[in-house]
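The values are calculated or read from the model by the stated rules, or taken from the named source; none is laboratory data. Computed from a predicted structure; not experimentally measured. Note that each Cβ is placed from the backbone with ideal geometry, even for glycine, and that neighbours are counted across all protein chains shown.
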């Protein structure tokens, strides 16, 4: 059995931290982080002479979905050669779109792959503190326009069958959640 693991949540909830903990405990998974594509989106903003704002209409129309197409196409290709691929990305629209999830599961079934969706729980206050601490240029607009930015984020757990919630509030809770994900994958090999 192969696995595609989507680690999802709003920005700065700890997706990267949790994804890497999961990857460290599995046997040779492929780890993909959508943030690796920000170098390309930054170039698109520059060429288009647009403010670097990953919450803007320009980003939504011209960049966002293409980043997801790219990372998922890389994941599908990796599944041809590896039994477990982890994708670290917010999936903010996709995770709440039943049709997207249904079609993704259909595609993965044809590939002999099971979809595992992980929701990393954190609260907006903690996300803000993490953005300040990581001091990344991709967060500049978000932090400068926090009230506007946060009003457009959904921190509620998605309603998906089989969703695994990893509470990233403390060490014991996150470790238990990571252990559940790893146990699920290791028990079905």
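Is it the case that the range 34-50 has a residue that's in contact with a strand residue (DSSP E or B) (Cβ under 7 Å, 6 or more places away or on another chain) and either crowded, with 17+ Cβ neighbours inside 10 Å or part of a helix (DSSP H, G or I) (or both)?
Residues of the range 34-50 in contact with a strand residue (DSSP E or B) (Cβ under 7 Å, 6 or more places away or on another chain): 34.
The next check asks that each one be either crowded, with 17+ Cβ neighbours inside 10 Å or part of a helix (DSSP H, G or I) (or both); those that pass are 34.
Taking every residue of the range 34-50 in turn, at least one turns out to be in contact with a strand residue (DSSP E or B) (Cβ under 7 Å, 6 or more places away or on another chain) and either crowded, with 17+ Cβ neighbours inside 10 Å or part of a helix (DSSP H, G or I) (or both).
When residue 172 is tested against (1) surrounded by fewer than 15 Cβ atoms within 10 Å (Cβ to Cβ); (2) over 29 Å from residue 28 (Cα atoms); (3) at pLDDT below 95, exactly one condition is not met: (2). Residue 185 - would you say it is within 20 Å of residue 32 (Cβ to Cβ), part of a helix (DSSP H, G or I) and under 17 Å from the mean Cα position of the chain (by Cα)? Here the answer is no, as residue 185 does not meet what is asked. The set of residues from the range 10-52 being on the phi > 0 side of the Ramachandran plot and touching a helix residue (DSSP H, G or I) at 6+ places or on another chain (Cβ under 8 Å) comprises 12, 14.
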